[in-house]
Amino acid sequence: MSKPSYVLVTGGAGYIGAHTAVELALAGFEPVLIDNLSRSNERLLKGIADVLGRNLIFHRGDCRDEKFLEDVFAKYPIAGVLHFAAFKAVGESVQQPELYYNNNLNSTLTLVRAMARVGVKPFVFSSSCTVYGEPDHIPVDESAPLKRAESPYGATKQMSERILEDEANTGRLRVISLRYFNPIGAHPSAKLGELPIGEPSNLVPYVTQAVAGKRKSLTVFGNDYPTPDGSCIRDFIHVVDLAKAHVVALQLLLSHSVAEAFQAINLGTGQGVSVLELINTFVRVTGVAVPFTIGPRRPGDVVKTYADVKRARERLKWQCEYSLDDALRHAWAWEQQLSHSIP
Ligand code: UD1
């Protein structure tokens, strides 16, 4: 058997990083996880080990720490990088823009420098549909114009993409930037899932925490939007499907068969689902009631967006395997498991 390829996963103890680490290991890679654990904790590292039956390599450190990255690249023959490490709370980014620009941009820049030093080119970036803002056409495809970002968080994703594109154009990197729509759900084993710090700002962890009694009630942010039921429409994608797309993107970059130095690819289901539809689906698949009230609109929310997934299908030869029902069932199983294990 040939030796496995080491791949660096920044933010490997986070929600999407951890699910991707599992899929990378299952695909035969040797993931090297790094994380400063500032917005995550070792709980998900344990979850990864529970799913795989072994610990993955992990080093605690910050992506802005040049020396730390140098040491990691010196220790392992890294073939490619998947960069998840970033702050992602939209509201917080509006309150503390410097924190977001400093963390999200400097981590990307430091990583790019470290990679250039050792000559590693394949780079999979964790981007977001937030780069499109409120799209003029839906489903939104990758050629849609990037509008002025609504938040500093969104701006860091746009700027990181630009930095990576410019670097890729020098020939020093080969980049696939994956633009996620709304990742939800948990590993089907219920050993791995989302672990929000404090009050969740995203919909599904709020739903599961409200149902588990950790929150009084979910507030639906607005039911007076110009949509069929008045609530916002999103494209909710199962986190394991999302994770698998990263493996394929990396394999593509490693195969040297990509023509573009930089390419952006949407990751979604291609289906629009409203917030109220999601709540009804949750109730149907789990059999438990969701306590919720209707509140005012949340500033900065896009009304309606879902992905055109043609490029992902064609270039990655990838498509979603899990349904919304699966994602919500898995999210609830994970929440129940957490409630049992954390006092
Ligand atoms: C948000 C960010 C997006 C980012 C992603 C990462 C905005 C505008 N977008 O996506 O850029 O990449 O998080 O975490 O903030 N909702 C409720 N009640 C709640 C929570 C959410 O009704 O308690 C609604 C929201 O109004 C929205 C939908 O649920 O319509 C999804 O919200 P959320 O899960 O926060 O994701 P996005 O806002 O789509």
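Are any of the residues in region 179-194 farther than 24 Å from Asp326 by Cβ, open to solvent by 20 Å² or more (accessible area, probe 1.4 Å) and in contact (Cβ under 8 Å) with a residue 12 or more places away in the chain?
Checked region 179-194: no residue is farther than 24 Å from Asp326 by Cβ, open to solvent by 20 Å² or more (accessible area, probe 1.4 Å) and in contact (Cβ under 8 Å) with a residue 12 or more places away in the chain.
Name the one entry in Val112, Val120 that is part of a helix (DSSP H, G or I) and either within 19 Å of Ser201 (Cβ to Cβ) or over 18 Å from the mean Cα position of the chain (by Cα) (or both).
Just a single option satisfies the conditions, and that option is Val112.
Do you know which residues across region 295-314 are more than 16 Å from the ligand (Cβ to nearest atom) and open to solvent by less than 80 Å² (accessible area, probe 1.4 Å)?
Once the filter is applied, which keeps residues that are more than 16 Å from the ligand (Cβ to nearest atom) and open to solvent by less than 80 Å² (accessible area, probe 1.4 Å), region 295-314 yields Asp308, Val309, Arg311, Ala312.
Being open to solvent by 10 Å² or more (accessible area, probe 1.4 Å) and either basic (Lys, Arg) or touching a helix residue (DSSP H, G or I) at 6+ places or on another chain (Cβ under 8 Å) (or both): is that true of Ile16 here?
Here the answer is yes, as Ile16 does meet what is asked.
Kindly provide the set of residues from region 137-167 that are more than 11 Å from the ligand (Cβ to nearest atom) and hydroxyl-bearing (Ser, Thr, Tyr), ordered by number.
Result: Ser143, Ser160.
Can you give me the number of residues within region 61-103 that are in contact with a helix residue (DSSP H, G or I) (Cβ under 9 Å, 6 or more places away or on another chain), surrounded by fewer than 16 Cβ atoms within 10 Å (Cβ to Cβ) and of a type in the set (Lys, Arg)?
Going through region 61-103 one residue at a time, the tally reaches 0.
For region 26-50, give me each residue that is free of Cβ contacts under 8 Å to residues at least 40 places away in the same chain and surrounded by 19 or more Cβ atoms within 10 Å (Cβ to Cβ).
Within region 26-50, Pro31, Leu33, Leu45 qualify.
Residues that are in contact with a helix residue (DSSP H, G or I) (Cβ under 7 Å, 6 or more places away or on another chain) and within 10 Å of the ligand (Cβ to nearest atom), at least 2 per element: which strands (runs of 3 or more DSSP E) completely within region 186-279 meet that?
Of the strands (runs of 3 or more DSSP E) lying wholly inside region 186-279, those with at least 2 residues that are in contact with a helix residue (DSSP H, G or I) (Cβ under 7 Å, 6 or more places away or on another chain) and within 10 Å of the ligand (Cβ to nearest atom) span 218-221.
Of the conditions (1) under 26 Å from Val211 (Cβ atoms); (2) of a type in the set (A, V, I, L, M); (3) surrounded by fewer than 17 Cβ atoms within 10 Å (Cβ to Cβ), Ala259 satisfies every one except a single condition; which number is it?
(1)
How many residues are more than 10 Å from the ligand (Cβ to nearest atom) and outside any strand (DSSP E or B) if we restrict to region 168-185?
Going through region 168-185 one residue at a time, the tally reaches 7.
Which numbered condition trips up Phe292, out of (1) within 16 Å of the ligand (Cβ to nearest atom); (2) open to solvent by less than 60 Å² (accessible area, probe 1.4 Å); (3) in contact (Cβ under 8 Å) with a residue 60 or more places away in the chain; (4) within 15 Å of Thr208 (Cβ to Cβ)?
Exception for Phe292: condition (2).
Checking Glu321 against (1) in contact with a strand residue (DSSP E or B) (Cβ under 9 Å, 6 or more places away or on another chain); (2) open to solvent by 20 Å² or more (accessible area, probe 1.4 Å); (3) assigned to a helix (DSSP H, G or I), which single condition isn't satisfied?
(3)
When you go through Val283, Val273 one by one, which is the residue that is open to solvent by 20 Å² or more (accessible area, probe 1.4 Å) and under 16 Å from Ser217 (Cα atoms)?
So the residue among Val283, Val273 that is open to solvent by 20 Å² or more (accessible area, probe 1.4 Å) and under 16 Å from Ser217 (Cα atoms) is Val283.
The values are calculated or read from the model by the stated rules, or taken from the named source; none is laboratory data. For clarity, every value in this text was computed on a predicted model and none was experimentally measured. We place every Cβ from the backbone using ideal geometry, glycine too, and count neighbours over all the protein chains shown. Just the protein is used for accessible areas: all its heavy atoms, side chains included, with ligands, DNA and RNA removed. Shrake-Rupley method; radii C 1.70, N 1.55, O 1.52, S 1.80 Å.
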